[in-house]
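Read through the structure below, which is laid out as C-alpha cells, and then see the notes.
Values quoted throughout were computed directly from the atomic coordinates according to the rules given, and no laboratory measurement underlies them. From a predicted model like this one, the values you see are computed outputs, not experimental measurements. A quick note on method: Cβ atoms are made from the backbone with ideal geometry, for glycine too, and the neighbour counts reach across all protein chains shown.
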Amino acid sequence: MSVTIRPHEGKLGVLLPGMGAVATTFIAGVEAVKAGLGKPIGSLTQMGTIRLGQRTDDNSPKIRDFVPLAPLEDLVFGGWDIFDEDVYAAATRSGVLDKDLLRALRPQLEKLRPWPAVFDQRYVKKLNGTHVKKGDSWMEKARMLIDDIDRFKRANGLDRTVMIWCGSTEIFLEKKPVHETIEAFELGLMENDPHIAPSMVYAYAAIMTGTPFANGAPNLTCDIPALLALAQREGVPVAGKDFKTGQTLMKTILAPGFKARMLGLDGWFSTNILGNRDGEVLDDPESFKTKEESKLSVLEHILQPEKHPDLYGHISHKVRINYYPPRGDNKEGWDSIDIFGWMNMPMQIKVDFLCRDSILAAPLVLDLALFMDLAGRSGMKGIQEWLSFYFKAPQHAPGLYPEHDLFIQLMKLKNTLRHMKGEELITHLGLEYYD
Ligand SMILES: NC(=O)c1ccc[n+]([C@@H]2O[C@H](COP(=O)([O-])OP(=O)(O)OC[C@H]3O[C@@H](n4cnc5c(N)ncnc54)[C@H](O)[C@@H]3O)[C@@H](O)[C@H]2O)c1
C-alpha cells in the first residue's frame, strides 16, 4: 500500500531564519545549478539513486525521479537576519564560494534581502544586530513572523512553504514547565518567558502556518513537548537537530565500522579550528555547550557501552572548537582516536579533515527542504525520524534512542521512500539469490 502524496503544484517557498554562510551558500548553489554553472554535489535528492526490487532487476532510478520532489525551478527563497545584508553581499563576505561564480549570479542574489529578525542578544551573546523586530512580547513577534510568511506567499504566488533554521547556535536551554504544553507555551509567548528562545518563536510561527520546520542548529527549538504537540495538532512535520557535516559525519562513518568489527575504543579526542561567524558564536561557552551536547551524544549511542563494557565501557571523549579567524569557513578538524584490538593491543588513528563547513551543509539544506515538503504533502506530521541521516542529534520519540549510524540512517531513509511509494522494502537478506 502506498501513501497518498499530494502533487507538487506551484511554487515552494524556502524560508531561512539566519541568512549567513550556510544559507547563502545553499541559495547561491541552487541558483548556480539552475543556471547550469555547477552540479549539486553532496545532495542525495539530486544525485542519489534508490534500488527497487531484486539486485538482478537492475532498477535504480534517481531518487528525484522516484518520489515527486519539488524541482529546483520551483524554489523561491526568503528569510530573516539580524544584519540587513543582501544574499550576494553575505555570500561574498562569508568567503565560501568562488567569487567569480558569485559575480555570475549577482543579479539573482542581490534581489534577496532578509526581513528583520526576531532576536535577543541574551541567547546569542557574541552577536549584536540592529535589523530586528520590535514588539512587546514573543507572541507579538510570532505574529509578525506569520505576517511575513503570509506576505511572502502572496507576493510570490506560492503553493507551500518550508522553514530550515540556519541561524546561529543559541545558548544551552533545558526543558522547563513552559515547554511542556501548548497552553503553557502560548502563555509563555505572551509573558515573554526567558526560557523561550527566538528559534522557538520561528518554529511556532512555522507550525502555525502549516510550514514544515527543520532545525539545522543544536538549539532546543522544536524539541519540546509543547511544539511537538502543536505540530501533531496542526499536522506539520518537524525535524532536527544540528546538520551532520564535518567531524561528526566522519565519526558516524568510522564508529559503526569499529563496532561492526568489535574493535575497542579507549578515547576519541576531537579538536577544530574555524574562523567564520559560526566559530565566533561558538567561542561563547554558553553557545558551545549547546553544540558540545549535540556532538558528544553520537559515540555513546553508536557504541552502546552498556552492551559492550569490555570494548566501550571507559571511553574518554572530548570535543573542542577553537575560533581562529585566519581559516574563515575552511575548518580543520583533527581526530585522535585510540582503539584497541586482539589481546588489548593499542592502536591509533589520526584524521585531519580539511573541510569547508558550508560546502558540506548547503546540500543538506536543499535535501531537507525537499524532503520536508514531500513529508508535508504525504500527510506525515510530528518528528520525521527518517531524516536522522541529516542530523547530529536526531529528534526521536520519547523512550526511543536516536539512531546515529549513518548507514542505518540511509537505509531507513530509503526504505521510508520505498514505503511511501508502495515498493517492497529492502532488507539485504538476499538468500533468494542462492535458492
Ligand atoms: N557545517 C556547518 O556549517 C554547520 C553544521 C552544523 C550546524 N551548523 C549550524 O548552522 C547554523 C548556521 O551556520 P553558519 O555557518 O551559516 O553561521 P553564520 O554565523 O554564518 O550564519 C548564521 C546567521 O544567523 C543570523 N542569526 C542569528 N540569530 C538569528 C535570529 N534569531 N534570527 C535571524 N537570524 C539570526 C546571524 O546574524 C548569521 O547571519 C549555526 O547554528 C551552525 O552551528 C552549521
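Under the rule a/c < 1.5 gives rounded, and otherwise a/b versus b/c splits prolate from oblate, where does the range 247-354 land using the Cα gyration tensor?
Because a/c hits 1.5 or more and a/b exceeds b/c, the range 247-354 counts as prolate.
Specify whether the C-alpha gyration tensor of the range 329-435 places it in the rounded, prolate or oblate class, a ≥ b ≥ c being the square roots of the eigenvalues: rounded for a/c under 1.5, otherwise prolate if a/b is larger than b/c and oblate if not.
Verdict is oblate for the range 329-435.
In the chain, if the dipole is taken from +1 on Lys/Arg beta carbons and -1 on Asp/Glu beta carbons about the Cα centre, which of Ile164, Gly38, Tyr401 is farthest to the positive end?
Gly38
Work out, in µm²/s and without decimals, the Stokes-Einstein translational diffusion coefficient of the range 1-113 at 4 °C, 1.567 mPa s, Rh from Kirkwood over C-alpha pairs.
Diffusion coefficient, whole number: 81 µm²/s.
Taking neighbour counts of Cβ atoms within 10 Å as a proxy for exposure, in what order, fewest first, do Thr221, Thr290 appear?
With the fewest neighbours first, Thr221, Thr290 line up as Thr290, Thr221.
Report the label-to-label distance for Glu234 and Thr271 in nanometres (one decimal), using points 7 Å from each Cα along the Cα→Cβ vector.
4.4
I need the calculated FRET efficiency for the pair Arg143 and Ser316, taking r as the beta carbon distance and R₀ as 51 Å, to the nearest 0.05.
Efficiency for this residue pair is about 0.55.
Could you tell me the center-to-center distance, by alpha carbons, between the range 200-271 and the range 25-97 in angstrom?
Using only Cα atoms, the two centres lie 20 Å from each other.
Return the whole-Å distance between the Cα centroid of the range 183-199 and the Cα centroid of the range 346-377.
What the calculation gives is 31 Å, centre to centre.
Of all beta bridges DSSP finds with both residues in the chain, what is the antiparallel percent, to the nearest 5?
Beta bridges within the chain, antiparallel portion: roughly 40 percent.
Setting aside same-chain residues fewer than 8 positions from Lys414, which aspartates and glutamates have a Cα under 20 Å from its Cα?
Asp57, Asp58, Asp65, Asp367, Asp373, Glu385, Glu403, Asp405, Glu423, Glu424
Could you work out how much longer the chain between Arg55 and Ala397 gets when fully extended? Use 0.36 nm per residue separation minus the Cα distance between them, nm to one decimal.
So the extension gain works out to 119.8 nm.
Given the range 247-354, what percent of its DSSP beta bridges are antiparallel, to the nearest 5?
If we restrict to bridges inside the range 247-354, about 70 percent are antiparallel.
Assigning unit charges at the beta carbon (Lys, Arg +1; Asp, Glu -1) and nothing else, what dipole magnitude in debye, to the nearest 20, does the chain show about its Cα centre?
660
Would you please calculate the Kirkwood hydrodynamic radius of the chain over all C-alpha pairs and express it in Å, rounded to one decimal?
Over the chain, the inverse of the mean reciprocal pair distance is 22.5 Å.
Expected output is a single nm value to one decimal: the length gained when fully extending between Gln348 and Leu187, i.e. 0.36 nm times separation in residues minus the C-alpha distance. What is it?
52.6 nm
How would you rank 132-142, 422-432, highest first, on the average number of other Cβ atoms within 10 Å across their residues?
Ranking, from highest mean packing down: 132-142, 422-432.
Based on the mean of other Cβ atoms within 10 Å per residue, sort peptides 11-18, 265-272, 322-329, 392-399 so the most packed one is first.
Taking the mean over residues of other Cβ atoms within 10 Å, the ranking is 11-18, 265-272, 392-399, 322-329.
Scanning the chain for helices, which whole DSSP H stretches are 18 Å or more long along the axis (Cα) and average 1.0 or more by Kyte-Doolittle?
Length and hydropathy pass: 21-34, 357-377.
Determine which lysines satisfy two conditions relative to Lys175: a Cα distance under 25 Å, and not lying fewer than 8 residues away in the same chain.
Excluding near neighbours in sequence, the set is Lys125, Lys126, Lys141, Lys241, Lys244, Lys289, Lys291, Lys295, Lys318, Lys381, Lys392.
Quick check on the range 340-401: take the gyration tensor over C-alpha atoms, sort the square-rooted eigenvalues as a ≥ b ≥ c, and tell me if it's rounded (a/c under 1.5), prolate or oblate.
oblate
Gap in Å between the Cα centre of the range 390-435 and the Cα centre of the range 128-149?
Each part reduced to its Cα centre gives a spacing of 39 Å.
At a threshold of 8 angstrom on Cα-Cα distance, excluding pairs fewer than six apart, so keeping six or more, what relative contact order does the range 258-317 reach in percent?
Rounded, it is 57 percent for the range 258-317.
Report the equivalent ellipsoid semi-axes for the range 102-259 in whole Å, largest first, defined as the square roots of five times the eigenvalues of the gyration tensor built from alpha carbon atoms.
Each semi-axis is √(5λ); the values are 25, 24, 17 Å.
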